[in-house]
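Read through the structure below, which is laid out as structure tokens, and then see the notes.
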Amino acid sequence: MSSSTDATLPALDCHAHLAPDVTAGQLDALGQVTIFAVTRSLEEGEEVAHHTDHRLVWGCGMHPGLSGARRAYDADRFRTLIQRFALIGEVGLDLRAGKLDEQMAVFRSILNVIQGAPVMVSVHSAGCTSEVVRIVAENPHPGTILHWFLGTAEEIQTAARLGCYFSVNSAMPNATLRLMPRDMVLPETDYPSTADRGVRRPGDISKLESKLAEIYGEPTEKVRLRFYRNLRTLALASGAIEGFPEQLADRLLAM
């Protein structure tokens, strides 16, 4: 693919938070983007289950940091919901939220429910990187993405051996980014969590692309192209591509 063609690829954001009632006009204001929009509760997942827009891949999630979402989690309800999604997220563990035993039980249940499902899953691991890697190893899924993962070099190597991908953002340390196999890296903003760190909106990955271009010693166009090729590999391995918007699926299959 030529560099001029690479430059036409929309900005790719594999983990961002959008309001369930986001409008077409608000999406237009983001420019040329492809966004994987994660939700924080099964209630939000139900709100977006029937939404369609070629720029968005909605996720059905249960944020570990929200006690109300954890209490409302129901495996049967979740099992029914995921039939409408190609992405599960945001799920995982968060040390700051406490009640780790409860969090682990929900996380294990989620990973059990999605076994064999054609989905990708975006996993939160704040303060619990070793626990997340252990639970993922016990419940492997070919579409696992570790979001904003700040584990040790050994944990990163273990996760990579398990087939996990890593969604990274411009707020992450260069030293951590260098440890991650570049063919297993995907871009994210985690907007609005990075709004105070120079990220202006969902899909704003320009700072990240420049950072990785410097680390990798290659043009930003090549960095973006690799993002899409990495996404293609993961989407095909997990089967999630079957649930992507047609325009995105066609773009990936043509690469």
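The values are calculated or read from the model by the stated rules, or taken from the named source; none is laboratory data. These figures come from a predicted structure and were not determined experimentally. Please note: Cβ atoms are built from the backbone with ideal geometry, for glycine as well, and neighbour counts cover all protein chains shown.
Okay, here's what the table says:
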quantity: Residue within the range 146-153 that is small (Gly, Ala, Ser), more than 25 Å from residue 110 (Cβ to Cβ) and in contact with an Asp or Glu (Cβ under 9 Å, 6 or more places away or on another chain) present; calculated: no
quantity: Condition check for residue 132: touching a residue at least 60 places away in the same chain (Cβ under 8 Å) and either under 22 Å from residue 235 (Cα atoms) or of a type in the set (Lys, Arg) (or both); calculated: no
quantity: Residue, farthest from residue 115 (Cα to Cα), within the range 230-250, restricted to residues that are without any contact (Cβ under 8 Å) to a residue 60 or more places away in the chain and more than 15 Å from the chain's Cα centre (by Cα); calculated: 250
quantity: Selection status of residue 102, surrounded by 15 or more Cβ atoms within 10 Å (Cβ to Cβ), touching a Lys or Arg at 6+ places or on another chain (Cβ under 8 Å) and outside any helix (DSSP H, G or I); calculated: no
quantity: Residue 80 part of a loop (DSSP other than H, G, I, E, B) and polar (S, T, N, Q); calculated: no
quantity: Residue 80 surrounded by fewer than 19 Cβ atoms within 10 Å (Cβ to Cβ), free of Cβ contacts under 8 Å to residues at least 24 places away in the same chain and at negative phi; calculated: yes
quantity: Residue that is farthest from residue 16 (Cα to Cα), among those in the range 186-222 that are among the polar types (S, T, N, Q) and surrounded by 18 or more Cβ atoms within 10 Å (Cβ to Cβ); calculated: 220
quantity: Matching residues, the range 13-55, being buried (at least 22 other Cβ atoms within 10 Å of the Cβ) and under 20 Å from residue 185 (Cα atoms); calculated: 13, 14, 15, 16, 34, 35, 36, 37, 38
quantity: Residue in the range 237-253 that is surrounded by the most Cβ atoms within 10 Å (Cβ to Cβ), counting only those that are of a type outside the set (Asp, Glu) and farther than 18 Å from residue 13 by Cα; calculated: 238
quantity: Scan of the range 80-116 for residues that are out of contact with any Gly (no Cβ under 7 Å at 6 or more places or on another chain) and farther than 17 Å from residue 135 by Cβ, ordered by number; calculated: 80, 82, 83, 84, 98, 116
quantity: Unmet criterion (only one of (1) closer than 22 Å to residue 151 by Cα; (2) at pLDDT below 95) for residue 6; calculated: (1)
quantity: Selected residue (only one of 171, 72, 126 is of a type in the set (Gly, Ala, Ser) and either free of Cβ contacts under 8 Å to residues at least 24 places away in the same chain or more than 26 Å from residue 197 (Cα to Cα) (or both)); calculated: 72
quantity: Close pairs (8 angstrom Cβ cut-off, 6 or more residues apart or separate chains): at positive phi in the range 147-164, among the acidic types (Asp, Glu) anywhere; calculated: 148/188; 148/190
quantity: Residues of the range 32-47 classified as in contact with a Ser or Thr (Cβ under 6 Å, 6 or more places away or on another chain) and assigned to a helix (DSSP H, G or I), total; calculated: 1
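Listed here are the residues, each with its yes/no results for (1) part of a helix (DSSP H, G or I); (2) out of contact with any helix residue (DSSP H, G or I) (no Cβ under 6 Å at 6 or more places or on another chain); (3) not hydroxyl-bearing (Ser, Thr, Tyr).
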position: 30; (1), (2), (3): no, yes, yes
position: 59; (1), (2), (3): no, yes, yes
position: 70; (1), (2), (3): yes, no, yes
position: 93; (1), (2), (3): no, no, yes
position: 96; (1), (2), (3): yes, yes, yes
position: 116; (1), (2), (3): no, yes, yes
